[in-house]
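To start, the structure under review is shown below, and the notes come after it.
None of the figures in this text is laboratory data; all of them are computed from the coordinates on show. Predicted, not measured: the structure shown is a model, and the values here were computed from it. For neighbour counting, all protein chains shown are included, and Cβ atoms are generated from backbone atoms with ideal geometry for every residue, glycine included.
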Amino acid sequence: MVTKVGVQMGTEGQTMAKRRKKSKRRGLFNKRLTPDEQVAQREAAFEAIRRLYGEALPLWRFCRSGYCRRHQVCIGDVGSCLDRGWPHMAPELQTRAHHAVMRGGPRRLSPATHTEWQLRRFPPSNFVSNGGD
């Protein structure tokens, strides 16, 4: 077949583009995790939430490290600082810290996983001990 311009058009050398295969793991972000993966994801979420509480509360006041008190920031193990300082915090400060953690802390960090998003809404008693309890 010849067109008006004299260029021959045919289908002999042309092939259709192949369809891209979709990943089998597509859309399975939180589904079908192995039990070990679920535990690891949950522990990572707990650690991230503890760090958010560390940023939202003045834990450096109760820290044994002089560096933390001098720089007014907790840089060590946030879990032990939370355990030590939480009973000394006023209840309204604890409530404000919980609301701040639900929003992502002072820096408004979005949760890394859906598990972390869910755990941020749990009461703080899941993340800190109440002194001697």
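Can you give me the relative contact order of segment 35-126 as a percent, contacts being Cα pairs under 8 Å and 6 or more apart?
Relative contact order for segment 35-126 comes out at 35 percent.
Please give the charge dipole size of segment 35-126, origin at the Cα centre, charges +1 on K and R Cβ atoms and -1 on D and E Cβ atoms. Round to the nearest 20 debye.
The dipole of segment 35-126 has a size of about 500 debye.
What FRET efficiency comes out for ALA44 versus ARG64 if R0 is 35 angstrom and r is the Cβ-Cβ distance? Round to the nearest 0.05.
The calculated FRET efficiency here is 0.85.
Once phi is turned into θ = phi - 60°, what whole-Hz ³J(HN,Hα) does the Karplus curve with 6.51, -1.76 and 1.60 give for every residue of segment 74-82, x standing for Gly and Pro?
With coefficients 6.51, -1.76 and 1.60, one gets 8, 10, x, 6, 5, x, 5, 5, 5 Hz.
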